[in-house]
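Taking it in order: structure first as structure tokens, then the write-up.
The values are calculated or read from the model by the stated rules, or taken from the named source; none is laboratory data. Predicted model, so just to flag it, every value in this text is computed and none were measured. All Cβ positions, glycine included, derive from the backbone under ideal geometry; neighbour counts span all protein chains shown. Side chains included, ligands, DNA and RNA excluded: accessible areas come from the protein's heavy atoms. Shrake-Rupley method; radii C 1.70, N 1.55, O 1.52, S 1.80 Å.
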Amino acid sequence: MSLFCDVALAVPLDMVFTYAIPPGMEPVVGGRVLVPFRQQRLSGIVVELHDRPPQVVASQVAASQIKIKKVIEALDLSPVLDEQLLKLGKWIADYYLAPVGEVFRTMLPLSAEFKRSVAYRITDAGRMALHLAGMSGSPARSKRTPDEQLVEFRVLDYLAERESVREERLRGATGVGRALLLGMARKKWIAREDVSAARDAARMVKVAVLLAAEERAEALPPLDGRGARPHTSTVDTTAKKLNDNQRTLIETLAASGGRLPVEALRGLDVPRTTLGTLVRRGLIQLVDEPQDLTGSVSKLKPRQSPFEFEFSAAQKEALAKIGEAVASRRFAGLLLHGITGSGKTAVYLACMRQVLDAGRSSILLVPEIGLTPAVAADLHQVFGDEVAILHSGLSAAERAEQWHRIRRGAARVVAGTRSAVFAPVSDLALIIVDEEQDSSYKQEETPRYHARDVAVMRAKMAGAVVVLGSATPSLESYYNAKKNKYALVELPDRVEMRPLPEVEIVDMRQEFQETGQEQVISRKLAEEIRERLAKKEQVMVLLNRRGYSPVVLCRACGKTLQCKNCAVSMTHHKRERKMECHYCGHIKRIPDKCAQCGSEYVYFVGTGSEKLEELLHGMFPQARIGRLDRDTVRGREDFEHALNALNEGALDMLVGTQMIAKGHDIHGVTLVGVIGADMALGLPDFRAAERTFQLLTQVAGRAGRGQSPGKVVLQTYFQDHYAVQFAARHDFAGFYEKELQFRAWMHYPPYSAIANVLIRSEKLDDALTWSGELGRWFEKTRHEGIRVLGPAAAPITRLKRDYRYHFILKSPSREKMNALLRTMLAEAAARKIPRTQMIVDVDAVWLM
Ligand SMILES: [Zn+2]
Ligand SMILES: [Zn+2]
């Protein structure tokens, strides 16, 4: 029995906390405990059990605090994070410089259970007190002021009519403080309880479990038709005494693998008492299990099976290579570079099927936008109930349910976005990261991990295989493959040898000179659209900017309408009649005159997807046009709805942001128009060229996936830019070589590790002072081989009310860079720069 445990709490402090373990309590490493922390009760993960009393420097801590606090409750009998996940969590904390408790919180989707909230209910003593007060007209105890007494009775009165009330609601309704409630609880007038525990119980279902299922299944003679059963002498004594009802129930259970929810057994034509009898006789046990989520996906109509077509030679080879790696039971990384339409998904599913057949587990990671109900339906079709699907549409409770399902082995195939990389599967054999270059794999809040890189590390720890799949691999991954850190597997052709679409570049500067005005839709694109519509073929048009107009400009004084919280223009949304900041969500009325000079000459400048849709409606009034962007898509269903409409021919044209570019397989689309996809090339971000190339390649890949060949019309103001040129030629290798040169010259990844350190504050003075102090410190410390750029105003200098200054660190040695960052954090703490006002982003994906 250990005396102490170290607990990781989800607080922004880079440390663990030591608590004493009361006698008789047995917390486990990797399990949760409830502990007092400041004025709260928090649950955290036990990372170590030991007998070392905490080292307290007496001068730093007041005498009263030296007394070590005790664990309130051990919440788990067995670890919720096994040894491997604990190790992975510690690695993340170390690599991304994140507090380990916050990492664990991210890894466990048990927030509903994790964050325990308190509720109060009135006790008998409380009712008595209330009753007496009502009789005497004045409360008995006189030590407190009448005000206090009044408040206490207000609480009792409120609770007397209710069963159990959450603390927040109770305080809101009665206006009392926490201390007063605690005082009342001490007097036993009211009782505190954990509501989250109670709510968990409500989500549990009773499951009937057949004991010794195997023996029983053998001992019982088979059912003969409608229940008439031949008597045999081989039946054991317990079975002999069963009546028909009891037999029916037991056989039903046996046929379902020995366990069924009690609710399901209610459907049988047997009396309710039968189950109780069997439980009393010790043949069946009732257990509580978290309710399974069978989600809405099962309602979707089945699609063509991903296996219904013949695999190409390249697909077969890829499958064989991955299968071989999995069978070796050693870590291996593979980069599956398959052009758009080459059938990567079918390869993924086939590999995962093999893993499942071998009795092992696999995880498929997809980008935020990739997990559509259609993909979910495919997964259900191939894996049935063995798949757990984790997506952003799940409530915290549903997430927790899926987590429990995975943990107890009911689902050995897991598909999901970023955080699915932490799924508690056992015997992990394979992790697949689809569209591995997608920036949604990087979490943009603490811990700022990259799910692709975590997947690689998890596979390493588990001796599993990781497959990174993409049509446009990230520079980092392709570089690793070229350096033989990953095996490179290529799918160089589209399925059924369909050709890649022809790409025609339209130079918009020339278009301006020839037409004499700024065009949104070039003459060439208009002509091509007209042609396709006449042939009853379908068109997609990409404009990667939502809203109607991105800028409102005063022609009198030149002032643009900026968000009051951010240094960015507000976007005009015409249909919703509002101005919206796309960075913080701030909304304003549409101005009729300039806020600065009062002039009425306010102009709406530029085009977003909403205006594009309107323009296309004007040009092609007969066409049925749909739009796909964050304004039209509120949930996954909207998304799927629009794509289905296109798939079924209910739409002629789909316009939208990059949402339309990702991974959909719509056979009728023969033309893709690209408008302003090169806008990113003007941004001060070293990944701008890579992102543009990827987006152009992705959206071009939507054309010509059916019988008719496709075409892409690419409008650009940067027609000589290599990202545009290589994308037009579908030349990944060419782009890659060119971009690597640039990265090498500029000391950017994959040649250097980078980190972005951002200092933010609502007070400009603080942001300036802190970044100045750190700048001078960096200057003084001058670490060998580490370049520190800054402090500089961040490209978006003000965001969500914060003024922002940043440093960019580049270093060929990641170890050295992380060591410097750690020293910097200690320095910042010593200078009392609040940790929450500093963002340390290792392997930053956005430098904005
Ligand atoms: Zn003005
Ligand atoms: Zn804003």
Once amide H atoms are built 1.01 Å from N in the peptide plane, which residues 5 or more positions from Leu628, or in another chain, come under 5 Å H to H?
Val655, Gly656, Thr657
I'd like the accessible area for Cys351: 1.4 Å probe, protein heavy atoms, all chains in place, Å² to the nearest 10.
10 Å²
Estimate the FRET efficiency between Lys574 and Ala526 by the formula 1/(1 + (r/R0)^6), using the beta-carbon distance for r and 22 Å for R0, to the nearest 0.05.
0.50
Can you list the cysteines of the chain that have no other Cys Cβ under 4.7 Å away?
Cys5, Cys351, Cys584
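If the only charges are +1 at each Lys and Arg Cβ and -1 at each Asp and Glu Cβ, what is the size of the charge dipole of the stretch 737-848 around the Cα centre, to the nearest 20 debye? Walk me through the numbers before you get to the answer.
On the way: 19 positive and 13 negative charges, 35 e Å.
Roughly 160 debye for the stretch 737-848.
Excluding the sites themselves, what is the longest stretch of the chain that contains no GluC sites (Glu not before Pro) in a DSSP loop with at most 14 other C-beta atoms within 10 Å?
Values: sites that count: Glu161, Glu163, Glu308, Glu310, Glu444, Glu445, Glu518, Glu576, Glu600, Glu648, Glu762, Glu784.
The answer is 1-160.
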Contour excess over end-to-end distance, with Cα ends at Glu193 and Asp720 and 0.36 nm allotted per residue:
183.0 nm
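Do the alpha carbons of any pairs in Lys321/Lys485; Lys559/Lys611; Lys524/Lys738 sit beyond 27 Å of each other, and which pairs? Please list the in-between numbers first.
Working: Lys321/Lys485 16 Å; Lys559/Lys611 22 Å; Lys524/Lys738 30 Å.
Over 27 Å apart, Cα to Cα: Lys524/Lys738.
Suppose R0 equals 56 Å; then what is the FRET efficiency for Arg801 and Asp244 from their Cβ-Cβ distance, rounded to the nearest 0.05?
Numbers: r = 72 Å, r/R0 = 1.29.
Plugging the Cβ-Cβ distance into 1/(1 + (r/R0)^6) gives 0.20.
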The long-range amide H neighbours of Gly608, using H built 1.01 Å from N in the peptide plane and a cut-off of under 5 Å, are Ser549
Compute the Cα gyration tensor for the chain, then decide on rounded, prolate or oblate, letting a ≥ b ≥ c be the square roots of its eigenvalues: rounded whenever a/c is under 1.5, prolate when a/b is larger than b/c in the other cases, and oblate in all that remain.
oblate
Could you tell me the ratio Rg/Rh of the stretch 724-848? Both radii from Cα atoms, Rh via Kirkwood.
1.06
Counting only the heavy atoms of the protein chains, how much of Val100 is accessible to a 1.4 Å probe, in Å² to the nearest 10?
20 Å²
Give the aspartates and glutamates reachable from Lys564 as a straight Cα distance under 15 Å; neighbours fewer than 8 places away on the same chain don't count.
Glu580, Glu762, Asp802
Residue-averaged 222 nm ellipticity for the chain, from DSSP H runs of 4+ at -39500 (n - 2.57), nearest 500:
-10500 deg cm²/dmol
Which percent of the accessible area of the chain is formed by carbon and sulfur heavy atoms (probe 1.4 angstrom)?
51 percent
Between Arg38 and Glu444, the two model label points (7 Å from Cα along the beta-carbon direction) sit apart by a distance in nm of 2.7 nm
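When averaged across all projection directions, what area in nm² does the alpha-carbon convex hull of the stretch 341-394 cover?
Details: hull surface 16.0 nm².
Approximately 4.0 nm², given one-decimal rounding.
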May I ask you to give the solvent-accessible area per residue for the chain, in square angstrom, as obtained with a 1.4 angstrom probe?
47 Å²
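Considering only protein heavy atoms, with the full assembly of protein chains and a 1.4 angstrom probe, order His617, His573 by accessible area, largest first.
Numbers: His617 75, His573 0 Å².
Greatest to least solvent exposure: His617, His573.
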Report the calculated FRET efficiency for Leu49 and Arg589 (r = Cβ-Cβ distance, R0 = 51 Å), to the nearest 0.05.
0.30
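Among the listed pairs Lys90/Lys442; Lys87/Lys344; Lys574/Lys711; Lys87/Lys810, give every one whose C-alpha distance is greater than 23 Å.
Lys87/Lys344; Lys574/Lys711; Lys87/Lys810
Placing +1 at every Lys and Arg Cβ and -1 at every Asp and Glu Cβ, with all other atoms neutral, what dipole size does the chain have around its Cα centre, in debye to the nearest 20? Please list the in-between numbers first.
On the way: 118 positive and 102 negative charges, 515 e Å.
Result for the chain is approximately 2480 debye, rounded to the nearest 20.
If you take every DSSP beta bridge fully contained in the chain, what fraction is antiparallel? Give it as a percent rounded to 5. If you can, show how the numbers build up before the last one.
Values: 69 of 123 bridges.
Antiparallel: roughly 55 percent of the beta bridges in the chain.
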